[in-house]
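A short reminder: the numbers here are calculations on the coordinates, not readings from a lab. In this text the structure is predicted, and so the values were computed from the model without any measurement. Neighbour counts are summed over all protein chains in view; Cβ atoms, including those assigned to glycine, are modelled from backbone coordinates with ideal geometry.
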Amino acid sequence: MDDNYNDDYAGNNNAYEGFSVCDNTAIEVTNVYMYCDSPGTFYYGSGKYRNSQNCTAGDKGKYFIEFYINDAATIEATGGLPIVDISATGTSGWYQNDQKVLENEELCSLSSLKSLSGSACPAQGKYRISSHFYWQEDDTSGGTFNPMLTVGFKSSIYESTYDYGGANTKYCSGTTFFTSLRNNVKKIYANSVTNFFKTFGVLVFTIGVMASFIWLMVKKPTSIQDARKKMFRRRNAPVHDGYDDDSSYDDSDDFDFDKMKSPYANQSTLDF
């Protein structure tokens, strides 16, 4: 997911309209995205899906978290090694799927961390964590659910609150606020209509390639020029050596029976 990625949606447990954020913290979460891929190979008509807002147990959950470090001095003064926790929750009826994604991990050591402003963690700047996990399968689970991603940043693994900041968590060290992304959210590209036309285009292209291959096997052109003649020949043109004539056919070497003269002057052997 790069900086010009424009098919995002932000997630909470209510139609992905926004999320709650810890207020007045050293690290401010700016965006949270999450969607799911069903297991198995995706192709047209397979019944599988990609980048869906809804998830089921066993799906591959993909998530993206963007945040801004706005108080590097505080982080440096309290150890300089931010710790991150990430968890996911999905609720379907009475069933709730809670899963730890990252727990007590050093933020700046994550291979999934990317700086969006050229700064080095934990220096001030904008960053993104992008990775995935697999929802646990459970025989008691059923139906689809809207996932919610929880993220928290803290100064130590022994800290009981997310003193550096977080999103969708009740463990903020101070107050929280709700940020609405209704105006920023764009429909995810994997909605059913768009995905159908994309997949249908691939299907049409595949059929075209196969049709061209079958044509070549049947016609067996000996050269590109021969293939061009066979492909663009005129329907009612005379036939020469088994090929229909076209505008590019050179008949200067054809034998003209009208020019066969008899021994007698000005008389044709054959009269057409």
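Peptide packing: for 98-111, 124-137, the average count of neighbouring Cβ atoms within 10 Å per residue gives the ranking 124-137, 98-111, highest mean first.
DSSP loop (so not H, G, I, E, B), at most 15 other Cβ within 10 Å: list which chymotrypsin sites (Phe, Trp or Tyr not before Pro) in segment 68-126 pass both filters. Intermediate values should be presented prior to the final figure.
Values: sites: TYR68, TRP94, TYR95; in loops: TRP94.
Those that pass, being in a loop and sparsely packed, are TRP94.
Eigen-decomposition of the gyration tensor built on the alpha-carbon atoms of segment 49-119 gives equivalent ellipsoid semi-axes of 31, 15, 10 angstrom, largest listed first. Identify, among PHE153, TYR44, ILE86, the residue whose Cα sits farthest towards the positive end of the charge dipole of segment 18-190, taking +1 on the Cβ of Lys and Arg and -1 on the Cβ of Asp and Glu, with the dipole about the Cα centre. Going by the Cα projections, it comes out as TYR44. Summarising the label geometry, the points placed 7 Å from Cα in the beta-carbon direction at THR144 and ILE214 lie 3.6 nm from one another.
Projecting label points 7 angstrom from Cα along Cα→Cβ for ILE207 and SER117 puts them 5.2 nm apart. Working note: Cα atoms of segment 8-138, range along each principal axis, descending, whole Å: 53, 32, 26. Cross-link pairs exceeding 28 Å between alpha carbons, from the set LYS60/LYS126; LYS48/LYS114; LYS62/LYS170: LYS48/LYS114.
By counting other Cβ atoms within 10 Å of each Cβ, how are ASP23, ASP163 ranked from fewest to most? Working shown, then result.
On the way: ASP23 13, ASP163 23.
In increasing order of surrounding Cβ atoms, one gets ASP23, ASP163.
In a simple Cβ point-charge model (Lys, Arg +1; Asp, Glu -1; nothing else charged), segment 76-145 has a dipole of about 460 debye relative to its Cα centre. Between TYR158 and LEU81, the modelled labels are 1.3 nm apart [label points 7 Å from Cα along Cα→Cβ].
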